[in-house]
Each structure stands twice: as structure tokens, then as C-alpha cells.
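J.: Mind looking over this structure? Questions follow.
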Amino acid sequence: MEINNSEYTVLIVDDVDANVLLLKLLISKAGYKTLSAYNGRDALDIIMKDNPDLVLLDIMMPIMDGHEVAKKLKETPGKEELPIIFLSALNSTEDIVQGFKLGAADYVSKPFNKDELLIRINHQISLIHAKRTIERQTQELKKTIIGRDKLYSVIAHDLRSPIASIRMVMEVLINGISKENIDAEMYDLLIMANRLTDDSFTLLDNLLKWTKSQTGRLNTVFQDEVDVMHLITGVVEVARGVAKLKNITLNLHGATSRTARLDIDMAKTALRNLLSNAIKFSYENSEVDVNISEDDQRVYIEVKDYGSGINTDKQKLLLKTETHFTSFGTGNEEGSGLGLLLCNEFVKRNGGTLEFHSQEGKGSTFSFDIPAPKK
């Protein structure tokens, strides 16, 4: 870390002319700018006017001594962290302790060794330089993060509406066209376009929610007495339309009559993403099972597929926000891993836990629980 000493100013405060002249010569020769004062009151005036970076402060002075100067600086907003090196003939333990209690950064006894003094000054300037560098980089990082989050939000929000409209149009086309009445290749293209549109909408929706979540703008809005079974069946029915495009049968096993206190949108998003992943990584003409069970305190929802599964190395990265990798479904569908991160966060916000196990080539099971005590 290279420091330009000429960018830093040291204020020398001492009531003896010879000491001030000697210190100015020594410190200026090291490349620092210098200011000087001969009593504590003048020192405070210079500090408020010229903002030195470091104060080399004698203790025994007329009008206002060094201890009182340090005390007033500690009580002055914006100056409480100004580094002070006490330079004094008072070298008893009590005097040194008093100096540090008043906020001294260091203490050098008179008569001083010039090399020792310069090393201590250089050390304090290095700390100041490092602190300012960190503060500057922190501000730059904050601006970068704000810009990034705004970009993500604008992209997701502005693209979400047109993609949603295209998605509805594609669904109408698919449902209104018989496979027998259209060229086979054209029908396959329509199926592919419908799937890509659905994937794009899901990705944008996840991106928008993730951005809001990471910027603290996504609130958890709980609703009481939510019918858990009604919520599950609604999401499953919508997912069956997507599963149909790959000739996948979506089975629902089990039931519950429980109600729960939930953020409905978060719960639906979590289940929808698990079902979307299960379909994405299942083979054509296979099945996906949604199993519902319960105990006295919770309802458990399990999504099980018999598809490609996840290898052991990627399993370790799945629910970590600091890692990112792209995976492809059995129909070459692209996945970002963002959906699972949202699932994990949304499940936690609703008082549950997301768990999974997977075996490459045999499929995956993802499950989460909902707090729903038996009445």
C-alpha cells in the first residue's frame, strides 16, 4: 500500500519554539505537510479550520494543556477520531494511562528518538490511509450494489408484463390447436416456444423477488387460517399443464385439513419452483409425486421425481448464495439455481425448513414443512 506523505498534514503543538522548529524540520523532511501551534486553544482553532490528519501534542502548555485539548476533541462531532500522539516529558504510568483514556493513539516520551517518532507517525498515517481507502471502497461498492439491484429490478419488472402476455398467448395457442391438424415440426416448435416462454417468465419472476429480498424490499405478509390443501392443489393443477408438455404425470398423494399462518405468495412460489424443477429434470413419459403428510405440529410437503438427479459435487452448492452454476434439464431446459434459493428463503420466512436428497441418475426429493398445529 503506497502512501504519498505529502497528502497528509501533521499539526505540531508545543509551547517551546525550539521543539516546534525541530519537529517541523524532522517531519517536513519525511514528506509531510506541517502546521504548528504554541498552546491548546490555538491548536483547537487550527484543527477546526485546517483539518490536519494527525496531531503531535505536548501535555504541559499554557492556556490549555494537552489533556484538555484531547478531551475537547473527543467531545467534538467529526473530530472524536482524530489521531493524537502525545509527546511529553510526563512519562509516569498515570500520565500515560490518562492520555490513552482521553483518546490518544500513541505516546512518545521526551527526549525522543527521531527514528522512533517517525516510525510512530508513519504507523498512524498508514492506519488513516487504510481507513480512508476502506471507506472509499465501501462507498463505491454501495453505489455498485445499488446500481446492480436497480438494473435487476428494472429488467425483471419491465420484462415481466410482456413475457406474461406472451405466455398466455402461447397457452391459448397450445390448447386451441390439435396436434393432428398441424405439421408435426410446427407443433414441436410451438411446444418448445411455450416451454421457453414459461421458463423465461419463471426466471424473471424469481429474479424480481430475489432482488427485492436482497435489498430488504420484500415483506413477509402473513395471512391467518390459510387452507393448506387448497393452496397445494391450486399450485399442482397449474403445474400439470407444464408437465403435460413433456408427457409427465403429476400425482398428488395424501391430504390435510389443517390451516396455517402463511405468506400465501411465498408458499406458492416455493412449491411452484420445486415442481418446476422436478418437471425440468424428469424424463418424458415419467411421473412426479407430491406427497403430503402431517404430525401434531406441522404439514410436510414432498416433491419427488425419478429423473436425472444431482451429482454429489453440485448438491454441496445448491442452497449457497455465494455459488452459482447453470444446469440443464432432460429437455435441455436451462436452470439458474435461483428458484431453489428463493424456496429456501421463503420456506424459512414461513417458519419451515427445506431439505433434499438426490442420487444421480435416479431422481431427487425436495421437501419442506409448514407450521400448522393440530387444534
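J.: Being farther than 30 Å from L218 by Cβ, within 39 Å of the chain's Cα centre (by Cα) and in the same structural domain as N19 (by TED's automatic domain parsing) is true for just one of V55, V108. Which residue is that?
T.: So the residue among V55, V108 that is farther than 30 Å from L218 by Cβ, within 39 Å of the chain's Cα centre (by Cα) and in the same structural domain as N19 (by TED's automatic domain parsing) is V55.
J.: Sticking with this one: Confirm whether S286 is under 22 Å from N344 (Cα atoms) and of a type in the set (S, T, Y).
T.: Here the answer is no, as S286 does not meet what is asked.
J.: Let me ask you something else. Across the stretch 193-232, which residue is modelled with the highest pLDDT among those that are assigned to a helix (DSSP H, G or I) and hydroxyl-bearing (S, T, Y)?
T.: Quick first cut of the stretch 193-232, residues assigned to a helix (DSSP H, G or I) only: 193-214, 228-232.
Those left that are additionally hydroxyl-bearing (S, T, Y): 197, 200, 202, 211, 213.
Values: T197: 82, S200: 77, T202: 76, T211: 72, S213: 75.
Ranking the qualifying residues of the stretch 193-232, first place goes to T197.
J.: I would also like to ask the following. If the requirement is being buried (at least 16 other Cβ atoms within 10 Å of the Cβ) and farther than 25 Å from S282 by Cα, which of these qualifies: A239, A260, A243, A267?
T.: Within the list A239, A260, A243, A267, the selection yields A260.
J.: When you check L141 against the structure, is it over 23 Å from K280 (Cβ atoms), surrounded by 10 or more Cβ atoms within 10 Å (Cβ to Cβ) and within 29 Å of the chain's Cα centre (by Cα), yes or no?
T.: Details: over 23 Å from K280 (Cβ atoms): yes; surrounded by 10 or more Cβ atoms within 10 Å (Cβ to Cβ): yes; within 29 Å of the chain's Cα centre (by Cα): yes.
Yes, satisfied.
J.: Check K320, K375, K314, K348 and return the single one that is surrounded by fewer than 18 Cβ atoms within 10 Å (Cβ to Cβ) and modelled with pLDDT of 90 or more.
T.: Answer to the selection: K348.
J.: When you check K246 against the structure, is it touching an Asp or Glu at 6+ places or on another chain (Cβ under 8 Å), in a loop (DSSP other than H, G, I, E, B) and among the charged types (D, E, K, R), yes or no?
T.: It is true that K246 is touching an Asp or Glu at 6+ places or on another chain (Cβ under 8 Å), in a loop (DSSP other than H, G, I, E, B) and among the charged types (D, E, K, R).
J.: Further question on the same structure: Would you pick out the residues in the stretch 263-295 that are hydrophobic (A, V, I, L, M, F, W, C), in contact with a Ser or Thr (Cβ under 8 Å, 6 or more places away or on another chain) and under 25 Å from G361 (Cα atoms)?
T.: A278, F281, V288, I292
J.: Okay, next question. Which members of the stretch 292-317 meet the condition of being closer than 18 Å to G352 by Cα, in a loop (DSSP other than H, G, I, E, B) and either touching a Lys or Arg at 6+ places or on another chain (Cβ under 7 Å) or not polar (S, T, N, Q) (or both)? Lay out the reasoning, then the answer.
T.: Residues of the stretch 292-317 that are closer than 18 Å to G352 by Cα, as a first pass: 292-303.
Narrowing the set further to residues that are in a loop (DSSP other than H, G, I, E, B) leaves 295-297.
Result: D295, D296.
J.: Right, here's the next one. Kindly indicate which of L207, L189, L203 is loosely packed, with under 13 Cβ neighbours inside 10 Å, more than 23 Å from E294 (Cα to Cα) and outside the structural domain of L341 (by TED's automatic domain parsing).
T.: Matching residue, one of L207, L189, L203: L189.
J.: Here's something else I'd like to know. Can we say V16 is surrounded by fewer than 18 Cβ atoms within 10 Å (Cβ to Cβ), over 16 Å from R120 (Cα atoms), out of contact with any Phe, Trp or Tyr (no Cβ under 6 Å at 6 or more places or on another chain) and at pLDDT below 95? Step through it out loud before you land on a result.
T.: Values: surrounded by fewer than 18 Cβ atoms within 10 Å (Cβ to Cβ): yes; over 16 Å from R120 (Cα atoms): yes; out of contact with any Phe, Trp or Tyr (no Cβ under 6 Å at 6 or more places or on another chain): yes; at pLDDT below 95: yes.
Considered against the rule, which asks whether it is surrounded by fewer than 18 Cβ atoms within 10 Å (Cβ to Cβ), over 16 Å from R120 (Cα atoms), out of contact with any Phe, Trp or Tyr (no Cβ under 6 Å at 6 or more places or on another chain) and at pLDDT below 95, V16 comes out as yes.
The values are calculated or read from the model by the stated rules, or taken from the named source; none is laboratory data. This is a predicted model, so every value here is computed, not measured. With ideal geometry, Cβ positions are generated from the backbone for all residues, glycine too; neighbour counts draw on all protein chains shown.
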